1. With every protein chain kept in place and ligands, DNA and RNA left out, what is the accessible area per residue of the chain? Probe 1.4 Å, answer in Å².
2. Once you've got the GNM for the chain with C-alpha springs shorter than 10 Å, pick whichever of Val12, Val93, Val75 has the biggest mean-square fluctuation.
3. Report the full-extension gain for the segment Arg67 to Arg53: residue separation times 0.36 nm, less the Cα-Cα distance, to one decimal in nm.
4. If you roll a 1.4 angstrom probe over the protein chains with everything in place, what fraction of the accessible area of the chain belongs to carbon and sulfur, to the nearest %?
5. Quickly work out the Trp106-to-Val5 label distance, labels modelled 7 Å from Cα along the C-beta direction, and quote it in nm with one decimal.
6. Using the Karplus equation 6.51 cos²θ - 1.76 cosθ + 1.60 (θ = phi - 60°), what ³J(HN,Hα) coupling, rounded to whole Hz, does each residue of segment 89-104 give in order, writing x for Gly and Pro?
7. For Lys65, give me every one of the lysines with a C-alpha distance below 24 angstrom, ignoring sequence neighbours fewer than eight places off in its own chain.
8. Which value results for Rg/Rh of segment 1-114 when Rg is the Cα radius of gyration and Rh the Kirkwood radius based on the inverse mean 1/r?
Amino acid sequence: QVQLVESGGDLVQPGGSLRLSCAASGFTVSSAAMTWYRQAPGKERELVARIFRNTAFTSYADSVKGRFTISRDNVKNTVFLQMNSLKPEDTAVYYCNTLWNGRGYWGQGTQVTVSS
């Protein structure tokens, strides 16, 4: 059974950092493309970062390039999103997503709030 569990969201001041985790089970993260999305109140869900399967190739939304880094730990079967230089506009619920055996899976989300 595929399951994704996010953690690490918190309230942080502008300019601060957070690291989000997405613990996966039921499949191996190295064999799947893993994606972080976010959804702010009143806005559509948007892609933040993706790491492609079986490679270290990554891609990012323009709004987070140079500030966010996606990575994975194959031993822990976990994907991370390191977020630096956070801005108030980064405030959102962050979701982990994968496509496995032709079906999409989502975690429950973790809240990130950037405010002074």
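1. On a per-residue basis, the chain sits at 54 Å².
2. Val75
3. Numbers: separation 14, 0.36 × 14 = 5.04 nm, distance 2.22 nm.
Gain in length upon complete extension: 2.8 nm.
4. Values: 2920 of 6210 Å².
C and S fraction of accessible area: 47 percent.
5. About 2.0 nm, to one decimal.
6. Per-residue couplings from phi come out as 6, 7, 4, 4, 8, 9, 10, 9, 9, 8, 10, 9, 6, x, 10, x Hz.
7. Lys43, Lys87
8. For segment 1-114, the value is 0.95.
The values are calculated or read from the model by the stated rules, or taken from the named source; none is laboratory data. A quick note: this is a predicted structure, and the numbers were derived from the prediction, not measured. Please note: Cβ atoms are built from the backbone with ideal geometry, for glycine as well, and neighbour counts cover all protein chains shown. Note: accessible area is taken over every heavy atom of the protein model, side chains too, but ligands, DNA and RNA are not part of it. Shrake-Rupley method; radii C 1.70, N 1.55, O 1.52, S 1.80 Å.
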